[in-house]
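Chemist: Dropping the structure in here first, questions after.
What follows is calculated from the coordinates using simple rules that are stated; it is not laboratory data. As the structure is a prediction and not an experimental result, all values here were calculated from the model. Please note: Cβ atoms are built from the backbone with ideal geometry, for glycine as well, and neighbour counts cover all protein chains shown.
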Amino acid sequence: MQKFTALLLILILSVTLKAQITIDSTNIVSTCLDCDSIVNPPNPYGSLYIAVSGGVPPFNFSLTGAHAANTTPVTATTTTGVTNYTQLCQDTFLLRVSNASGDTIYYNFSTTPPTPPNFNIDSVTARADSTNSPDSGFMELHVTTNADSVFYKIQEQNNSFTLGTLGGWQDSTIFDSLPGGYSYKVFVDIYPKVGSCGNIDTGSSVMLIYIPLACENDGFALISAPTDVCFGDVVNMFGVNNPGSGTGNVITGEFWDFGDGNNYVGPSPTYTYFQTGSFTIMYNITTSHGCTFFGFSPITVHTIPIANFTNSNNGTGAFVFTDVSTSSTSLTSWLWDFGDGNTSTMQNPSHQYASTGSYNVCLTVNNAGGCTNSYCDSVTYTSTIGINEQNASSLSIFPNPVNDILTIENVAFNIDEIIILDITGKTIKTVLPTNNKINVSALADGVYFIKIISNNQQLTTKFIKN
């Protein structure tokens with residue numbers, strides 16, 4: 001009995017001391033490469049390095065993803081509990097780890113890059129602050145962002161004196177009691193700085209703001225302009241302003257900075273961007289009382305897609321059109337005009353022309369930036385079913401449509417052979433007619449061609465089986 005008790009105690013201690021699987025370290029690398037992408041940017045793939053311990057080796061790893069391309073598990077077995085998965089595209093993954101002692105753990109992770117934070121400078125107001133001193137100024141900044149923190153720093157343009165740094169998240173920042181009559185550099189930055197597919201969005205901005213000696217505090221400058229345009233679009237910008245309520249106070253100057261290195265002096269410009277990317281339009285006014293007001297508006301200039309397509313046909317009027325358009329952002333829609341009154345919104349459609357001739361085919365594509373482009377090319381349907389084909393106008397078949405027996409009439413020569421082809425030009429059957437009659441009851445419903453051959457003469461016409 002004592003021996004049994006000791007054995008039971010050892011078994012209990014063994015079970016109690018058995019180590020469970022634990023994750024010791026991980027390293028996840030996100031990727032810009034979408035699972036459906038065919039474009040490989042530099043170092044496009046994500047990866048997972050993971051190290052586990054506990055239990056009894058070997059350790060078995062099984063990785064599956066939510067995307068259709070990753071549903072087949074990728075497995076690995078190690079005795080060290082360390083493995084590294086590479087060549088991972090954007091996806092949400094589940095890693096299953098088990099060992100010889102029957103322990104199992106699961107680890108979820110994603111290789112999709114985080115979305116960069118939004119950052120906009122909505123307005124800047126600069127005016128004299130006569131409540132403190134006739135020679136002091138007042139500056140207020142309004143910023144919109146979903147970043148964790150916004151940091152501000154201001155210094156006089158020529159570094160004549162130090163003003164320090166104001167940090168911490170806030171959507172409205174006020175710099176008060178600034179010496180008037182000076183220009184100040186204002187730095188605005190956000191944290192964290194998140195990179196999206198290789199493009200680092202710092203969210204930083206540097207402005208040069210003049211603080212007047214005296215001005216009214218009820219003036220303003222605002223911008224009315226689109227926020228998304230396409231490369232080469234004509235952009236109409238309108239300035240909405242008020243110089244303030246002071247007696248005799250009027251606007252003496254209007255200045256625009258388009259954010260791409262170009263500017264304009266005047267009220268409401270018309271401008272065309274010949275660079276793609278995101279810019280900040282700045283509009284400021286000066287008044288006869290020495291006040292300056294600023295307005296800001298973000299604008300994104302999107303690339304225009306290049307529409308293009310190729311086509312192939314089998315000689316029966318059945319064309320296959322392949323979209324080969326290119327765009328820096330994903331294409332979102334396709335519109336095909338086949339030139340015969342028919343259209344399609346598929347990316348790679350097929351189309352059957354009813355009669356021979358030339359047709360002007362046009363493809364119009366749109367991308368995620370809302371930009372569009374069209375490309376047109378002519379296609380020609382010339383029947384290539386027969387060699388030395390005669391005019392089929394003398395050939396008569398009935399009934400058409402037909403259910404079972406097709407009768408051939410008005411053939412001016414003895415028929416050597418009859419070939420039936422489907423709409424793609426594929427031979428379905430070859431027959432020798434009896435009394436110019438053919439049994440087609442076994443054919444599936446659809447459109448067919450019948451080719452009648454005698455010596456080097458051929459006649460071809462179309463019939464419908466139903």
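Chemist: Quick one: net charge of Val97's neighbours, Cβ under 12 Å, K/R +1, D/E -1?
Modeler: -1
Chemist: While we're looking at this one, here's another question. Setting aside same-chain residues fewer than 8 positions from Lys465, which aspartates and glutamates have a Cα under 12 Å from its Cα?
Modeler: Output for Lys465: Asp404, Asp422, Asp445.
Chemist: May I have the convex hull volume per residue, in Å³, for the Cα set of region 17-110?
Modeler: Dividing the Cα hull volume of region 17-110 by its residue count gives 83 Å³.
Chemist: For region 309-381, state the semi-axes of the equivalent ellipsoid (square roots of 5 times the eigenvalues of the alpha-carbon gyration tensor), sorted largest first and rounded to whole angstrom.
Modeler: Value: 24, 11, 10 Å, ordered largest first.
Chemist: Here is a further query. Quick check on packing: order 334-343, 437-446, 365-374 by the mean number of other C-beta atoms within 10 Å, highest mean leading.
Modeler: Those peptides, ordered most packed to least, come out 365-374, 334-343, 437-446.
Chemist: Of the peptides 221-229, 151-159, how do they stack up when ordered by the mean number of other Cβ atoms within 10 Å, highest first?
Modeler: The peptides rank, most packed first, as 221-229, 151-159.
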